[in-house]
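The values are calculated or read from the model by the stated rules, or taken from the named source; none is laboratory data. In this text the structure is predicted, and so the values were computed from the model without any measurement. No Cβ is skipped: glycine too gets one built from the backbone with ideal geometry, and neighbour counts run over all protein chains shown. Calculation scope for accessible area: heavy atoms of the full protein, side chains included, ligands and nucleic acids excluded. Shrake-Rupley method; radii C 1.70, N 1.55, O 1.52, S 1.80 Å.
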Amino acid sequence: MKTGAALILFIGVLAVSSSVQAKSECQEWQLHWRTFRQNYISPEGRVYADEASRSHSEGQVYSLFFALVANDPALFETILHWTQIHLAQGKLNERLPAWSWGRREDGTWGVLDDNSASDADLLLAYILGESSRLWHKPGHAALSKSVAHNILRDETRFLPGLGLLVLPGKTGFSGPPWKLNPSYYPAFALRRLAALQSPEWKKILESSYRLLAMAAPNGIEPDWVFYGDQGMYGQTKGSYDAIRTYLWAGMDHSTQGRAFTARVQPFFQLVDRLNHVPESVDPLSLHVEGIGSAGFQAALGSVMKKQGRKIGSPAVPSGASYYAQALSLFGTGYQATYAIGTSGELIPVWARKKTCL
């Protein structure tokens, strides 16, 4: 066989092999998602977040994201309806969802804490906008606009030296010093809101990048940090929350996103050396403790693969926590069942008229 023909054959084999692997990964995600639905989502659309049968706005919103990726509008509407009725008093267009719902001390069920959680709120505004575009639902676009407006009204403050920024919730985080959580700022979602919503969102996107950079002087993001007259201080270990910061960064393909990903390369290099995602890292001393859960490994598997790095993505045990399962669905689904465009737009496999089934 001539060299040229052999090369063409070799490339063809690689393409087929890659296609088969992608199909397999997509099918595995679909199976994992069906299991998640069975174990964590009630027929009424409530997402169980822990052993105490509590539900959180975060879990509701994550499940909306997965339902959109899976092209399941019926489930999406069921989850959205429960969220609106039980977490927003039926008025999601007027108020942000309460972050915690469950059994009260008197045995009744309802809101346990009416404070909001902006990580959920930001993704909710984003997902409603994307579901409107992908499923042609103008009502979702209107609701997305209302949620975005309510975030600006209730959760934003101007921080000297940073600019207009979304705080982690309505109450309990104002300063000085302000208590901030870097993982609450998925830049791809903020970029999309900046394109679709009011001009303030562009300012928030820029401020969020400044916060992310200042919180990680050594390229390691903390779970929480304080910001005040002394600048950034009081960084906690980077662990349970911070894992999402790297996940969101890996999905951000804008020019700014690539610059930020380069800034946190010390973390990815650390994972390379260890061959696993650590349980926690001190952002200042760089001291490492433990091995992160299977959810941690799965969260970053596809992101690192996209960077040309390798890390095992073990299957998350069926008895693992809701959070570990959610991290795995985000991480293993990325590239296999959805992608994020340079403008932050969600690109599910089905929207490209492809399927893994």
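Descriptive notes on the structure:
Yes or no, residue by residue, for (1) closer than 25 Å to Gly319 by Cβ; (2) surrounded by 23 or more Cβ atoms within 10 Å (Cβ to Cβ):
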residue: Glu58; (1), (2): yes, no
residue: Phe66; (1), (2): yes, yes
residue: Leu75; (1), (2): yes, no
residue: Leu80; (1), (2): no, yes
residue: Ile85; (1), (2): no, no
residue: Gln89; (1), (2): no, no
residue: Arg95; (1), (2): no, no
residue: Gly107; (1), (2): no, no
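- Within the stretch 38-63, restricting attention to residues that are among the charged types (D, E, K, R) and more than 18 Å from the chain's Cα centre (by Cα), the residue that is farthest from Tyr323 (Cα to Cα) is Glu44.
- Scanning the stretch 226-258 for residues that are touching a strand residue (DSSP E or B) at 6+ places or on another chain (Cβ under 7 Å), under 23 Å from Ser293 (Cα atoms) and of a type in the set (A, V, I, L, M, F, W, C) turns up just one, Met251.
- Failed item in (1) under 21 Å from Thr83 (Cβ atoms); (2) at pLDDT 95 or above, with Gln197 passing the rest: (2)
One line per residue, one yes/no per condition, for (1) touching a Ser or Thr at 6+ places or on another chain (Cβ under 9 Å); (2) open to solvent by 30 Å² or more (accessible area, probe 1.4 Å); (3) modelled with pLDDT under 95:
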site	(1), (2), (3)
Ser208	no, no, no
Gly219	no, no, no
Gly231	no, no, yes
Gly238	yes, no, no
Tyr246	yes, no, no
Gly250	yes, no, yes
Val271	no, no, yes
Asn275	no, yes, yes
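- So Tyr227, is it at pLDDT 90 or above and closer than 20 Å to Thr332 by Cα: no
- Scanning the stretch 277-297 for residues that are surrounded by 20 or more Cβ atoms within 10 Å (Cβ to Cβ) and touching a Pro at 6+ places or on another chain (Cβ under 7 Å) turns up Pro283, Gly292, Ala294, Gln297.
- Qualifying residues in the stretch 338-357 (those that are in a loop (DSSP other than H, G, I, E, B) and not polar (S, T, N, Q)) - the one surrounded by the most Cβ atoms within 10 Å (Cβ to Cβ): Gly344
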